1. State whether one or more residues within the stretch 81-101 are modelled with pLDDT of 75 or more and of a type in the set (Gly, Ala, Ser).
2. Among the residues of the stretch 45-57, write down those that are touching a helix residue (DSSP H, G or I) at 6+ places or on another chain (Cβ under 9 Å) and surrounded by fewer than 21 Cβ atoms within 10 Å (Cβ to Cβ).
3. Scanning for something in contact with a His (Cβ under 6 Å, 6 or more places away or on another chain) and among the hydrophobic types (A, V, I, L, M, F, W, C), does the stretch 21-35 turn up at least one residue?
4. Within the set of pairs 6 or more residues apart or between chains, which connect a residue that is part of a loop (DSSP other than H, G, I, E, B) inside the stretch 13-25 to a residue that is surrounded by 17 or more Cβ atoms within 10 Å (Cβ to Cβ) with Cβ atoms less than 6 Å apart?
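The values are calculated or read from the model by the stated rules, or taken from the named source; none is laboratory data. Computed from a prediction, not measured in an experiment: that's the story for all the values here. All Cβ positions, even for glycine, are placed from backbone atoms using ideal geometry, and neighbour counts span all protein chains on display.
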Amino acid sequence: MLLQQAARRARLSARQAAKRASMSDARWRHIVNGYESVGRGMKIPVTAPAETLARMAQAVGVTSQQLDEAGRPDAAEILNELAPPPPSSDSATHADAGAGGPYGNDPHLDAITALLASLPPEAQDEVLRRLGRTHPSAHPEHAEPAPEQRRTG
């Protein structure tokens, strides 16, 4: 129920949420419903492994605290390792304001953002550092000079 409600709040279909979590929409439904139909009205219970549940939670914006309160501290711990801390309300407002820009509905950016969010914080920092170095014109105040541009002396 927690994942379904979060997906609705995020305005995601089960298929979209599953894609964000890098899983099939059938597997997503099995886990969310808590069972898999195996024919003739038979259903087998389905419980997500902690890592899978953490990816699902990350995809729809469920927090580690919510997972913990739902009785899945194992998945909450993994989610803490996967995701950066949730943005403050101020930064969320700024992020929403930019969503309507020229790239607001770009699926490539969504995929890159999801991939970046799945990396540990140190790897995220490295990716962002490299992007700053590769594209200094985007944010020249944040870019470091390339090694060949550094002067010693």
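1. So the first thing to find is which residues in the stretch 81-101 are modelled with pLDDT of 75 or more, and the list is 81-82.
Retained after the next criterion (residues that are of a type in the set (Gly, Ala, Ser)): none.
No - not one qualifying residue is present in the stretch 81-101.
2. Here is the first cut: in the stretch 45-57, the ones touching a helix residue (DSSP H, G or I) at 6+ places or on another chain (Cβ under 9 Å) are 46-57.
The answer is Val46, Thr47, Pro49, Ala50, Glu51, Thr52.
3. At the first step, the residues of the stretch 21-35 found to be in contact with a His (Cβ under 6 Å, 6 or more places away or on another chain) are none.
There is no residue in the stretch 21-35 that is in contact with a His (Cβ under 6 Å, 6 or more places away or on another chain) and among the hydrophobic types (A, V, I, L, M, F, W, C).
4. Listed pairs, sorted by first residue: Ala21/Arg55; Ala21/Met56; Ala21/Ala59.
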